[in-house]
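Novice: Dropping a structure here in C-alpha cells format, bear with me for questions.
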Amino acid sequence: MGRSIDRISDIPDPILQTIISLMPLKSAIRTSVLSRRWRSLWEYNLLSATTLDFAEDFSTNQSPKEFVLCLNRYLLQLQHTKNLEKFSVYFSPFDIFFPDIQRWISFATSKGVKELNLDLSQGFTDPRDGRFHDERPFFTLPDCLLDCKSLTHLSLSRCDLHSSCFSFTNWTQLQSLSIKHVSISKDNLENLLNNCKLLESLSLINAVDGAVFSLTLAPEQRLSKLTLVDDWDAFHLQIFAPNLQSFHYYGKHYLRSHRINVSSLSDAFICPLGCNQDDDQDYADQDYASLFPDLSHVKVLTVNTVILKDLMLTAELRQLVFPIEFHNLQELQLSCFLFKKKKILFMQIHAIKAMETPQDIDFSHLRVIKMTNFKGWRNEIRLLKFLLEKALCLESLIILVAPLVENGMDLVSQNKQLSESQRLAILSGQISMLPKASSQAQIILCDSSQDDKRIQPVHQGVNHEYNHSEDRYDLISSIRSGVDIQVLI
C-alpha cells in the first residue's frame, strides 16, 4: 500500500499562517513540533493577535516558573505591536512572581488594552463552594493599571482592593468590572462608582467587605447590572439604584434586613443558600418575604427553595397566605433542592390548606411546559398533574428525563433490569393518563441528551455558573400578556 499524499505540505506559508491565526494560542504553539518548516509559523499568530489569552489550558503541565518564563518570552516578541484588544492571564503565583505580573500588566496597558482579565486564584478555589483558600499575599495593583484610560472591561481575582485607597479617576471608559476572591473596601467601592460614570456591570464574588452592602447611585450613573455572590452569617442589604435593570444575589447567607429602591429593575436572580437547609429556626430568622414587594415590577425572576420556604414559614407565622403580585412578570424560574427524604418542599406545603390544593388558580395563557432532569418522583408527578389540570391552552409538554442513578427514588428506576427505552415508555404511560385541561396538548418525552435547546430560561447560564449540586427543572409558560415565560424548578 502506497504512502498517503501529504497535501498540507503543498499549502503556501501565508495560507497556513492564516489558518493558525484562527486557532487558540496554545494549539497554535503546538504546531511547532510538526516539522522544521512549522517551527516558526505559529509566531505569525502571536505577532498579528489583538487578543492574548493565556488561559488555564495554557498553563497545563507547566510549573509556575515555566509559565512565567514562557509568557515573558512571548511578550518579548510583541514589543513592537501596536494595539491590544484583550489580555487574559490565569495563574496562581507566589509573591516572587509579582514583578513579572506587573510587567505583563504594563505591557498590556502600553498597548491600549480594552479588556483585561487577571485571575490569580487558579488552583486554589474549593470546587464545592468556589471559595478561595490560600494565605499568600494578595497582588497589589500597579500604577500603570490604575492610570490606564483605555480599559472598558476589567476582571480581577486575588488582588488587593482593601488595604489602600484608590481614586480610579482614570477608568473613565470602564463599562464592566468583576472582582473575585478579595474584599473591596467601602471607600474604594464608593470611589469606583463615583469616578466610573460609564460602568454598566458590577460583579462582586466573594468580595464584599463585611456583612453590610450599601450601594447608592445618582440618576446619571449607568450601572444596570449588579451581581453579589458571597458567604455571610447575616447580611444587610441597602441598594438605591434607579437605573439598575438586573440584580443577581446568590450565596450562603441570611438576609437580616434590607432597604431597596430599584424602580427600573426587570431581571432578578435571588437564590440564597442559607446555612442549614433543614433548620426551620434558621429560616424563621431571615427576612426574604419582605423583599419581594420591592421586586414586584420585575419581568424575569428566579428564586430557590430557601425563598419558597421562607415565604411558607412567613405565611404560617402570620396565619395567612402571603400575597405577592407580579403584574409585569414574563418569566419565573424556581430552583429547588430535592432532598431524598420526606421533609421536602411539597411535604411542608401541607401545613397550609389553601397552598396545598389551590382551587381558584388557572393558567389561561400557559402554552408550553418544559421540565428537565425529570425522574418520575411522586412530587414531580403531583406538580405535573396540577399544571396539566390548570393549563387551559397548553400546546406542548416537553419532558427531558434524567439519566438513571443508583438508589433513585423515581417510580420506575427501582427495577434495575429496565432499559432506557422501557423506562421512557412507562413514564410516558403514566403521564398520558394524567387529566389535561387542554385537549390540544402534545406530550414529548425524551432523554436529556436529545434536548434541542430551542427553549431555554434567561437565567440558564446563571444557574450553571452559581449552582453546584442542585436538581433543576425548566418550566416554560406564559402569563396574562401571552408572552412566553419560563419557570425553573
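Nothing in this text is a laboratory measurement; each read-out follows from the coordinates by a stated rule. Keep in mind that this is a model prediction, so the values were computed, not measured. A quick note on method: Cβ atoms are made from the backbone with ideal geometry, for glycine too, and the neighbour counts reach across all protein chains shown.
Novice: Give me F240, F97, F87 sorted ascending by neighbouring Cβ count inside 10 Å, so fewest comes first.
Specialist: Ordered from fewest to most neighbouring Cβ atoms within 10 Å, F240, F97, F87 come out as F240, F97, F87.
Novice: GluC sites (Glu not before Pro) within segment 154-228: which are DSSP loop residues with at most 15 other Cβ atoms inside 10 Å?
Specialist: Those satisfying the criteria are E220.
Novice: Check which residues have an amide H placed less than 5 Å from L215's amide H, if you skip close sequence neighbours.
Specialist: Counting only residues 5 or more places away or on other chains, the set is Q238, I239, F240.
Novice: Moving on. Scan around D209 for amide H atoms under 5 Å from its own, H built in the peptide plane at 1.01 Å from N, and keep only partners 5 or more places away or cross-chain.
Specialist: Excluding prolines and chain starts, which carry no amide H, the hits are I184.
Novice: Tally Lys/Arg at +1 and Asp/Glu at -1 over every other residue whose Cβ is under 14 Å from the Cβ of N194; what's the total?
Specialist: Net of charged neighbours comes to 0.
Novice: About its Cα centre, what dipole magnitude does segment 50-207 give when the only charges are +1 on Lys and Arg Cβ and -1 on Asp and Glu Cβ, stated in debye to the nearest 20?
Specialist: 360
Novice: Right, next: As a footprinting exposure proxy, order S201, S257, S35 by other Cβ within 10 Å, with the fewest listed first.
Specialist: S35, S257, S201
Novice: Sort W377, W104 so that the residue with the fewest other Cβ atoms within 10 Å of its own Cβ comes first and the one with the most comes last.
Specialist: W377, W104
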